């Protein structure tokens, strides 16, 4: 991405914030129920039970008031499924695709792609080289002994090799593992490790590996965290990918634990996609969600 394009993207984000604030203020001035808006406790937003939703947030999700408004607008049962809730260039997401986040459905591929796009938008703030989908600063992570994610892209699926540099351990984050793919993928990852070993062993890098063998191919066997689902095309696999993307590219041992609250992941994915800076319709969605909320408050008067 050239510097001119980066500047244009940053200008777009700044203008989007300004436009969103202006339109939101205008929306709050309309509707009889809007004066009650501040009376709603942000720590415990409530959507009237009479308002029908395909996917209703729970109090345990810990949504903010704004997230609750967005949830009400995204998952309203009577709202048009064809309405575009997310747009980035030629990439559109209608409400119908957001409905795939409603349990027990399987999150669709376009939703996952949008989550990946959000990760790359966050990554653009870094001026150093990075992977496009996963905002990981490869060089700095290696030098600071922090984990390094290496995407292994194949024609059908993608898995991730995680290099725990400090612990000299190799992990495989693979949600589509099968007996046939393990041999092929591990052979490919070993080849990548040998190349990385040559890079790490150069004179300028070897000093950073005083306590660890610089060649990852000598770090032992690959570890497959048991909590990561590995059933091809299962809704658990898709939801886990969204869960991992919500870590914003940061390493956390939580990704190796069982995903207990998958509904939280689904709901936060929906609200974060609709409100993200990359969404060209974000300010309008904010306004519509605000107006809907005012109408819902009117109904409770």
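Quick look at the values:
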{"quantity": "Any hit, the stretch 1-19, residues being surrounded by 14 or more Cβ atoms within 10 Å (Cβ to Cβ), under 22 Å from the mean Cα position of the chain (by Cα), on the phi < 0 side of the Ramachandran plot and modelled with pLDDT of 50 or more", "calculated": "yes"}
{"quantity": "Search result, residues across the stretch 46-72 that are touching a strand residue (DSSP E or B) at 6+ places or on another chain (Cβ under 9 Å) and surrounded by fewer than 16 Cβ atoms within 10 Å (Cβ to Cβ)", "calculated": "52"}
{"quantity": "Given (1) on the phi > 0 side of the Ramachandran plot; (2) at pLDDT 65 or above, index of the condition residue 108 fails", "calculated": "(1)"}
{"quantity": "Strands (runs of 3 or more DSSP E) within the stretch 141-206 that include 2 or more residues modelled with pLDDT of 80 or more and within 19 Å of residue 228 (Cα to Cα)", "calculated": "158-164, 169-173"}
{"quantity": "Residue in the stretch 168-189 that is farthest from residue 222 (Cα to Cα), counting only those that are out of contact with any strand residue (DSSP E or B) (no Cβ under 9 Å at 6 or more places or on another chain) and touching a residue at least 24 places away in the same chain (Cβ under 8 Å)", "calculated": "178"}
{"quantity": "Residues satisfying the stated conditions in the stretch 73-96, i.e. under 26 Å from residue 48 (Cβ atoms), touching a helix residue (DSSP H, G or I) at 6+ places or on another chain (Cβ under 8 Å), surrounded by 13 or more Cβ atoms within 10 Å (Cβ to Cβ) and free of Cβ contacts under 8 Å to residues at least 40 places away in the same chain", "calculated": "79, 83, 95"}
{"quantity": "Sole exception among (1) at pLDDT below 85; (2) under 20 Å from residue 286 (Cβ atoms); (3) surrounded by fewer than 18 Cβ atoms within 10 Å (Cβ to Cβ) for residue 43, by number", "calculated": "(2)"}
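Let's see how each residue does on (1) out of contact with any helix residue (DSSP H, G or I) (no Cβ under 7 Å at 6 or more places or on another chain); (2) modelled with pLDDT of 70 or more; (3) at negative phi:
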{"position": "235", "(1), (2), (3)": "yes, no, yes"}
{"position": "239", "(1), (2), (3)": "no, yes, yes"}
{"position": "244", "(1), (2), (3)": "no, yes, yes"}
{"position": "251", "(1), (2), (3)": "yes, no, yes"}
{"position": "255", "(1), (2), (3)": "no, no, yes"}
{"position": "281", "(1), (2), (3)": "yes, yes, yes"}
{"position": "289", "(1), (2), (3)": "no, yes, yes"}
{"position": "294", "(1), (2), (3)": "no, yes, yes"}
{"position": "297", "(1), (2), (3)": "no, yes, yes"}
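The values are calculated or read from the model by the stated rules, or taken from the named source; none is laboratory data. Every value quoted in this text rests on a predicted model; they were computed, and no experiment measured them. Methodologically, a virtual Cβ is constructed for each residue, glycine included, from the backbone with ideal geometry; neighbour enumeration extends over all protein chains shown.
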